[in-house]
Amino acid sequence: RVHGDASPFAILMDSSLASSLPVIDVAPLRDAAASPDAVASVAAQIRAACRVHGFFYISNHGIPAELISRLERISREFFTQPEEWKLQWPMSLGGKAWRGYFRTGGELTSGRPDWKEGLYLGSELGPEHPLVKSGTPLHGPNVFPDTPGLRETVLEYMAAGRRLGDAVMRGIAQSLELPPDYFERSCTADPLLLFRIFSYPTRPAPADSDVQWGVGEHSDYGLLTLLYQDSIGGLQVKTPGGWIEAPPIEGTLVCNIGDMLDRMTRGFYRSTPHRVRLNRSGHDRLSFPLFYDPGFEAHVKPIDGLPQCEDDWGARWDGASVHAFDGPYGDYVLAKVGKVFPELGDAVLS
């Protein structure tokens, strides 16, 4: 049971789970007719994975292969265009909605540039949406480039990702011996969905650019990240035994838990640092992370009945405690994203 298992090192540390990421078939979580035993088996696998290092692959995720292939093809069409053309849709155009294109090296992790370019996207919200009318940051219309099919394909992918996120969160609830709808009732009835399309160029960074990684060491802010990565790879995960590779596995997505699930579980599940190697493959690399987060105005409270684990702030990549925070999730995420593009953050988020 959850309450009798306080140490992450006590679970399966002599198995392959400690040195590689497990693959979990989540089909029972997506099937309303699945047997209780099938759902319980998935929940137990999720619990074991979250207790060891907070990452796992998911198979039978329900996002059609054709949709993924289409998004990959259209994304490559966009990124192969000249930079000056892509800069017609900069993030400054998105304003408070925090949407648009950023050039290679334009995004920071811990103050150091990452060697990637990308598009920031999110739930498509019109001007009459209450959160848009009130000027709430991270909400609004997307800034879609004039790449044929991109808008429709992104929105279709995000809708499928939302359904998958709902299902996985039901499984995480059951892994903690909670009702399946616990998170929906507490903080995800209207989740903050943020989507990124990243391209990691194979060309080297300038020698004077202070670039060391495709993405530097970090943890994700919210509840859950669902990541598609193309065949090139480069993702690395920090485990109790050191850094391990998380290579692409055909037909799967990578799933990892974020700071808010760490907070809600009192450290019983940890948000795990990860990073991306510089791409030296000879081919540009694509990844599609979908961040499934608490609602912007949700107050993320610790779950009653879970053991209080040691606060690991001293060992975290940012030296910050996810447990000391108090307030709506929007305050937490704004403090984080503003450091990624500090000049833009000062201009549009303050």
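Residue 59 - would you say it is open to solvent by 20 Å² or more (accessible area, probe 1.4 Å), in contact with a Gly (Cβ under 8 Å, 6 or more places away or on another chain), hydroxyl-bearing (Ser, Thr, Tyr) and closer than 18 Å to residue 251 by Cβ? Give the steps one after another, and end with the answer.
Details: open to solvent by 20 Å² or more (accessible area, probe 1.4 Å): yes; in contact with a Gly (Cβ under 8 Å, 6 or more places away or on another chain): yes; hydroxyl-bearing (Ser, Thr, Tyr): yes; closer than 18 Å to residue 251 by Cβ: yes.
So residue 59 fits the description; yes.
Keeping to region 278-294, report how many residues are in a loop (DSSP other than H, G, I, E, B) and open to solvent by 10 Å² or more (accessible area, probe 1.4 Å).
First, pick out the residues of region 278-294 that are in a loop (DSSP other than H, G, I, E, B): 278-284, 294.
Applying the additional criterion that residues be open to solvent by 10 Å² or more (accessible area, probe 1.4 Å) yields 278-284.
Total satisfying the criteria: 7.
Could you please find all residues in region 62-102 being open to solvent by less than 20 Å² (accessible area, probe 1.4 Å) and among the polar types (S, T, N, Q)?
The answer is 75, and nothing else.
Which condition number does residue 113 fail, the rest of (1) under 26 Å from residue 77 (Cβ atoms); (2) touching a helix residue (DSSP H, G or I) at 6+ places or on another chain (Cβ under 9 Å) being met?
Here residue 113 meets the rest and fails (2).
Restricting to region 117-138, name every residue that is touching a residue at least 60 places away in the same chain (Cβ under 8 Å), under 19 Å from residue 197 (Cβ atoms) and not aromatic (Phe, Trp, Tyr). Steps first, answer last, please.
Within region 117-138, the subset touching a residue at least 60 places away in the same chain (Cβ under 8 Å) is 117-123, 131, 136-138.
Pick out the ones that are also under 19 Å from residue 197 (Cβ atoms) and you get 117-123, 138.
Listed by number, the residues that qualify are 117, 118, 119, 121, 122, 123, 138.
If I filter region 176-202 down to residues being surrounded by 21 or more Cβ atoms within 10 Å (Cβ to Cβ) and in a loop (DSSP other than H, G, I, E, B), which single residue comes out as farthest from the chain's Cα centre (by Cα)?
Result: 176.
Tell me which residues, restricted to region 307-350, are assigned to a loop (DSSP other than H, G, I, E, B) and free of Cβ contacts under 8 Å to residues at least 40 places away in the same chain. Walk me through how you get there before you give the answer.
Within region 307-350, the subset assigned to a loop (DSSP other than H, G, I, E, B) is 307-312, 316-327, 338-341, 349-350.
Selection gives 319, 320, 321, 324, 326, 327, 338, 350.
Please work out which residue is surrounded by the fewest Cβ atoms within 10 Å (Cβ to Cβ), limiting yourself to region 103-149 and to residues that are among the hydroxyl-bearing types (Ser, Thr, Tyr) and in contact with an Asp or Glu (Cβ under 6 Å, 6 or more places away or on another chain). Show your work before the answer.
Filtering region 103-149 for residues among the hydroxyl-bearing types (Ser, Thr, Tyr) gives 104, 109-110, 120, 123, 134, 136, 147.
After this cut, where a residue has to be in contact with an Asp or Glu (Cβ under 6 Å, 6 or more places away or on another chain) as well, the list is 104, 147.
Working: 104: 20, 147: 18.
In this case the residue turns out to be 147.
I'd like to know if region 259-267 contains one or more residues that are in a loop (DSSP other than H, G, I, E, B) and touching a strand residue (DSSP E or B) at 6+ places or on another chain (Cβ under 7 Å). First the steps, then the outcome.
As a first pass, look at region 259-267 and keep what is in a loop (DSSP other than H, G, I, E, B): 265-267.
In the following step, the residues that additionally are touching a strand residue (DSSP E or B) at 6+ places or on another chain (Cβ under 7 Å) were identified as none.
No.
Going by what's in this entry, would residue 109 be described as modelled with pLDDT of 95 or more and of a type in the set (Val, Ile, Thr)?
Details: modelled with pLDDT of 95 or more: no; of a type in the set (Val, Ile, Thr): yes.
Spelling it out, it is not the case that residue 109 is modelled with pLDDT of 95 or more and of a type in the set (Val, Ile, Thr).
Only one of 155, 138 is in a helix (DSSP H, G or I), touching a strand residue (DSSP E or B) at 6+ places or on another chain (Cβ under 9 Å) and hydrophobic (A, V, I, L, M, F, W, C); which? Steps first, answer last, please.
On the way: 138 fails: in a helix (DSSP H, G or I).
Every option except 155 fails the conditions.
Would you say residue 232 is of a type in the set (A, V, I, L, M, F, W, C), under 30 Å from residue 303 (Cβ atoms) and over 16 Å from the mean Cα position of the chain (by Cα)?
Details: of a type in the set (A, V, I, L, M, F, W, C): yes; under 30 Å from residue 303 (Cβ atoms): no; over 16 Å from the mean Cα position of the chain (by Cα): yes.
For residue 232, the condition - of a type in the set (A, V, I, L, M, F, W, C), under 30 Å from residue 303 (Cβ atoms) and over 16 Å from the mean Cα position of the chain (by Cα) - is not met.
Only one of these conditions is not met by residue 169: (1) open to solvent by 30 Å² or more (accessible area, probe 1.4 Å); (2) under 21 Å from residue 49 (Cα atoms). Which number is it?
Condition not satisfied by residue 169: (1).
Working only within region 204-253, note down all residues that are acidic (Asp, Glu), in contact (Cβ under 8 Å) with a residue 60 or more places away in the chain and either farther than 28 Å from residue 267 by Cα or not in a strand (DSSP E or B) (or both). Give the steps one after another, and end with the answer.
Let us first name the residues in region 204-253 that are acidic (Asp, Glu), namely 208, 210, 217, 220, 230, 245, 250.
Retained after the next criterion (residues that are in contact (Cβ under 8 Å) with a residue 60 or more places away in the chain): 210, 217, 220, 230.
Those that are acidic (Asp, Glu), in contact (Cβ under 8 Å) with a residue 60 or more places away in the chain and either farther than 28 Å from residue 267 by Cα or not in a strand (DSSP E or B) (or both): 210, 220, 230.
Give the number of residues within region 24-64 that are in a helix (DSSP H, G or I), within 24 Å of the chain's Cα centre (by Cα) and either under 17 Å from residue 166 (Cβ atoms) or of a type outside the set (A, V, I, L, M, F, W, C) (or both). Spell out the reasoning first.
Going through region 24-64, the residues in a helix (DSSP H, G or I) turn out to be 27-30, 36-52.
Narrowing further to those that are within 24 Å of the chain's Cα centre (by Cα): 27-30, 39, 42-52.
Narrowing further to those that are either under 17 Å from residue 166 (Cβ atoms) or of a type outside the set (A, V, I, L, M, F, W, C) (or both): 27-30, 39, 42-43, 45-47, 51.
So the count comes out to 11.
Have a look at 275, 266 and point out the one that is under 30 Å from residue 203 (Cβ atoms) and either touching a Lys or Arg at 6+ places or on another chain (Cβ under 6 Å) or open to solvent by 10 Å² or more (accessible area, probe 1.4 Å) (or both). Give the steps one after another, and end with the answer.
Details: 266 fails: under 30 Å from residue 203 (Cβ atoms).
Exactly one residue qualifies, and that residue is 275.
The values are calculated or read from the model by the stated rules, or taken from the named source; none is laboratory data. Fair warning: this is a prediction, and the values are worked out from it, not measured in the lab. Quick reminder, even Gly has a Cβ in these numbers, built from the backbone with ideal geometry, and neighbours come from all protein chains shown. These area figures cover heavy atoms from the full protein model, side chains too; ligands, DNA and RNA do not enter into them. Shrake-Rupley method; radii C 1.70, N 1.55, O 1.52, S 1.80 Å.
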